[in-house]
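One structure is given here, and the rest of the page talks about it.
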Amino acid sequence: MSTNKSARRAAQRQANANRTWLWAGLAAVAVIAIGAFFFWQLSASGLPAEISVAQAYEKREAGAFILDVREPSEWNEFHVPGATLIPLGQLADRVNEVPRDQEVVVVCRSGNRSQQGRDILQQAGFTQVTSMAGGVREWQAAGYPIVTGP
């Protein structure tokens, strides 16, 4: 009887070990699948959805197209040198004014409208587009160059 009990305990330990390996394997597959999804998302869009002010400055210096989606009154207060103004409300009708052959960084005052602008461009088929977190106020606070006036 004790041999039978020992055999059942051994069988139970083996079953528990098999379940542990099964769950570990499923977890590993899930991690790989999630990682592949995020890698695919990054490579499909070409750029992360959002970048920092410092990263936007680097991209501007490297020749990225800076698209400001604020209103003209905000633009006239100050803006990023070399940026192009297309207010968010007009962007869907003016996407043909944005180059498709270079990286596009969408900016606004605080970072909210730039996300919407990025999404409009992505829906229009742009693949090299991102938005700048923090907006031009953070750009200015970081000491990056600005232009005042129109």
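The values are calculated or read from the model by the stated rules, or taken from the named source; none is laboratory data. What you see is a predicted model; the values in this text were computed from it and never measured. Ideal geometry is used to build each Cβ from the backbone, glycine not excepted, and the neighbour counts take in all protein chains shown.
Tabulated data
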quantity	calculated
Residue check, Q102 of a type outside the set (V, I, T), surrounded by fewer than 15 Cβ atoms within 10 Å (Cβ to Cβ) and in contact with a strand residue (DSSP E or B) (Cβ under 6 Å, 6 or more places away or on another chain)	yes
When residues of the range 31-60 are limited to those that are part of a helix (DSSP H, G or I) and of a type in the set (V, I, T), the one modelled with the highest pLDDT	V53
Any chance F65 is surrounded by fewer than 22 Cβ atoms within 10 Å (Cβ to Cβ), within 18 Å of G46 (Cα to Cα) and not aliphatic (A, V, I, L, M)	yes
Lone qualifier among T84, T127 - being in contact (Cβ under 8 Å) with a residue 60 or more places away in the chain and either of a type in the set (S, T, N, Q) or surrounded by 15 or more Cβ atoms within 10 Å (Cβ to Cβ) (or both)	T127
